[in-house]
Amino acid sequence: FILCLELTNFGWVYSSIFIDKYSQLIDSIKQVKPNCEVIVQSIIPVTKSKSDSDEIYNNPRIEEYNELIKKMAREKNIQYIDVASYLADSAGNLPEEASTDGVHVNKKYCLKWLECLKQN
């Protein structure tokens, strides 16, 4: 049994609370399903226009959280898939044409996301 996680709720007051809760979730899954292979993935960046206009949903914060997820994955010896860099433009932003609201990806980018997961 393989479980692939992507959590996008990063509206926590402190990044330490976010990663603690994420880590607890992984531990709970492993406790219930000890033979489950858990794979985590990065949070997808938002568009530059969204990032520049939002205090919570912005790319510097997403990058911070992705580093925490990556570190946690190393510590727990679980696979981390860097979907963010696969979908981002050269500046690390989600391309404007990838989303109508700056956050949620359209079908074309969902298919790119799926391709990234298949390759990993």
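The values are calculated or read from the model by the stated rules, or taken from the named source; none is laboratory data. Computed from a predicted structure; not experimentally measured. With ideal geometry, Cβ positions are generated from the backbone for all residues, glycine too; neighbour counts draw on all protein chains shown. Just so you know, the surface numbers come from the protein's heavy atoms only, side chains and all, with ligands and any DNA or RNA stripped out. Shrake-Rupley method; radii C 1.70, N 1.55, O 1.52, S 1.80 Å.
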Can you tell me which residue in segment 40-70 is modelled with the lowest pLDDT, limited to those that are open to solvent by 70 Å² or more (accessible area, probe 1.4 Å) and of a type in the set (D, E, K, R)?
Glu55
Of all residues being of a type in the set (A, V, I, L, M, F, W, C) and more than 16 Å from Asn66 (Cα to Cα) in segment 26-44, which is farthest from the chain's Cα centre (by Cα)? Just the residue, please.
Val32
Could you tell me which of the residues Ile44, Ile56 is touching a residue at least 60 places away in the same chain (Cβ under 8 Å) and in a loop (DSSP other than H, G, I, E, B)?
Ile44
Does Asn35 meet the test of being of a type outside the set (Ser, Thr, Tyr), open to solvent by 30 Å² or more (accessible area, probe 1.4 Å) and touching a strand residue (DSSP E or B) at 6+ places or on another chain (Cβ under 7 Å)?
no
Collect the residues in segment 98-118 that are in a helix (DSSP H, G or I) and in contact with a strand residue (DSSP E or B) (Cβ under 9 Å, 6 or more places away or on another chain), keeping them in residue-number order.
Ala98, Tyr109, Lys112, Trp113, Cys116, Leu117
In segment 17-41, the residues that are charged (D, E, K, R) and not in a loop (DSSP other than H, G, I, E, B)
Asp20, Lys21, Asp27, Lys30, Glu37
Which one is nearest to Thr47 (Cα to Cα), of the residues in segment 75-111 that are under 15 Å from the mean Cα position of the chain (by Cα) and exposed (fewer than 15 other Cβ atoms within 10 Å of the Cβ)?
His104
